[in-house]
Amino acid sequence: SFTADMNTLIGLGTGAAFLYSLVATAAPGLLTGSGIPADVYYEAVNLILALVLLGRLLEARAKARTSEAIRRLWGLQPKTARIVRDGVERTIPVSEVVPGDEVLVRPGERIPVDGVVREGASAVDESMLTGEPVPVPKRPGDPVYAGTLNRTGAFRFEATRVGRETALAQIVELVRQAQASKAPVQRLADAVAGVFVPVVLSIGIAAAVLWYDFGPEPRAVYALVSFVTVLIIACPCALGLATPTAILVGTGRGAEHGILIRGGEALERAHRIDAVLLDKTGTVTEGRPRVTDVAADDPDEVLALAASVEQASEHPLAEAIVEAARARGLAPAEPEDFEAIPGHGAEARVNGRTVLVGNARLLAERGLAPNGFEALARRWAEAAKTPVYVAADGTVRGCLAVADPVKPSAAPAVRALRAMGLDVWMVTGDRRETAEAVAREVGIAPDRVLAEILPQGKTDAVRRLRAEGRRVAMVGDGINDAPALAAADLGIAIGTGADVALEASDVTLVGGDLRGVATALHLARRTLRTIRQNLFFAFVYNALGIPIAAGALYPFFGVLLSPVVGSAAMALSSVSVVTNSLRLRRFTVRWPPLAAASPARASSAGVPPAAGAATAPAVDREGSVQP
């Protein structure tokens, strides 16, 4: 196209100086005959171009440094995989692995593709994806991701996503899309540059005319020097670098912390957020029931009896009980005469004993006394936990608490968001009593809890807050969260959730750590502050330099800038912008460690303490998030 841009000024300025020098070299008499010195500016042209190329080099280095994390991620994926096909173990290139393959991983090896653990257990270092240095325990049914490092035990897993479908490949693609996009502030800068270039050309021509008509001899030389210097010093290279370099570094730094930002527009929206809606299930909580407490004289016996009965059940709570028993190394026995009692529980014979597992209504129907566990069960129910009684041979032997536990990171995340001045809400389709119990545990006020609403109600809640003038971020993980994520000013998806939620979001947290929400918003604010600083650097040089280059100081101080000085000032503005953007690489997150929760705990004193005793973070001058 024939649109004037930042390169137009460089071309005109250096071209004019070079042509003048050619004339002075080839036909000096044409100039000296008119009383004009035959000066040449070859060195000025060379220096100008060298400084321009230096600015381009710094920009390229900024892009390269921003992509270092992505290249490291690709390099962490192993080249081969050890699989079992038709009962034969073989090693094949990772590109030949297909979904459904059984893959073997030994201690110290990296996982080649995404999958689900089928046999064995281990601890996997997922810091390359989540930024969390503590290895994540893996048991049958848990997901594993390509490129992560197996630390301890050997295990087998079923490949589910390979090639471009792995989480690692999707991360790379999302970051590339983010770095290629433009923020609204960048589009504004481009529009300003489109007007700025013609204005500068007009100023340069006007300065040349004034010098030629009213300046001292040799007027033609002064006119040419002022024209060339105005064009060079006004070069909006820094304006063009101000936004993209900050976005490149900011999104790259986010990727290193397990935060995928879809582009500059998402960054710009993120820094304006003043209200955050958190979905409960799978976001604030783990998203699947677990045994949180066991109250009994012999907790292992009670848990083993309950698991023996429940392994024949398809109820969601049954799976939690069986999983808790296996986590404690208990082997459930095979039940006999199993009978499911809808709405109440189940009954079976275990090693010759009649075992009942169910709620208080089941005990009442069978005429069994709670045996002193009723007060504890009532406190559990008030804390959003489901009490499950276990009776053997007509006597209640103990009580289990099953709940969707709050994530250890939830309470610190809420404190961090509130410390940033954000209004934090929780939204759920669950019962109000359960929702308010969870809200109390993480520090959300009861009047900020929206409970017993359908998926469409989440979208309506987002729209209602936006209609009040709030800028809303929605955080969710499920398919039913996708409409609300899309309706919000900023959609933040938990990376462990449904794919449709990830597609509808603007920001994805690779891990399930809710503190990533606060980190993402901190990073967005820091990046936008850097962009504003860059734009200031870009404009202040032009605003001060153009009048001086045109000769405004000559009548008073006899000062007229040469093209070399103008090119140096132009390059200095570009260097300032790039260097300021690279400071974003110092953005770090220092969260205090979270206490690991046990799958099942012996308890005789009621509700366990809330998880997550960490304090809210603070942001230092360079954007570091610190406890």
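Below are the figures for this structure:
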{"read-out": "FRET efficiency for R466 and A50, using Cβ-Cβ distance with R0 set to 41 Å, rounded to 0.05", "value": "0.20"}
{"read-out": "Mean Cβ neighbour count within 10 Å, used as a protection proxy, ranking 153-159, 419-425, 353-359 highest first", "value": "353-359, 153-159, 419-425"}
{"read-out": "Relative contact order of segment 309-352, defined on C-alpha pairs under 8 angstrom at six or more residues apart (%)", "value": "37 percent"}
{"read-out": "Estimated inter-spin distance, T152 and L210, nm [label 7 Å along Cα→Cβ]", "value": "7.7 nm"}
{"read-out": "Heavy-atom accessible surface of segment 397-476: percent carbon and sulfur, 1.4 Å", "value": "46 percent"}
{"read-out": "Extended-chain gain in nm, criterion 0.36 nm per residue less alpha-carbon gap, A369 and R118", "value": "86.2 nm"}
{"read-out": "Environment charge at C399 (Cβ cut-off 12 Å; Lys +1, Arg +1, Asp -1, Glu -1)", "value": "+1"}
{"read-out": "For peptides 362-373, 200-211, 462-473, sequence by mean Cβ density within 10 Å, most packed first", "value": "200-211, 462-473, 362-373"}
{"read-out": "Taking only Cα atoms of segment 295-442, radius of gyration then Dmax in Å", "value": "17.6, 61"}
{"read-out": "Segment 265-397, dipole about Cα centre (Lys/Arg Cβ +1, Asp/Glu Cβ -1), debye to the nearest 20", "value": "340 debye"}
{"read-out": "Packing-based ranking, highest mean first, of 91-103, 576-588 given that Cβ atoms within 10 Å are counted", "value": "576-588, 91-103"}
{"read-out": "Neighbour net charge for G153 - beta-carbon separation under 14 angstrom, K R +1, D E -1", "value": "+2"}
{"read-out": "Restraint check, K138/K385; K138/K458; K138/K280, Cα-Cα greater than 28 Å", "value": "K138/K458"}
{"read-out": "Fully extended contour minus Cα-Cα distance, from S95 to E433, at 0.36 nm per residue", "value": "116.6 nm"}
{"read-out": "Local electrostatic count, R448, Cβ distance below 11 Å [Lys/Arg +1, Asp/Glu -1]", "value": "-2"}
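The values are calculated or read from the model by the stated rules, or taken from the named source; none is laboratory data. All figures in this text were calculated on a predicted structure; none of them were measured in a lab. Cβ: placed from backbone, ideal geometry, glycine included. Neighbour counts: every protein chain shown. Surface areas here come from the heavy atoms of the whole protein model, side chains and all, with no ligands, DNA or RNA. Shrake-Rupley method; radii C 1.70, N 1.55, O 1.52, S 1.80 Å.
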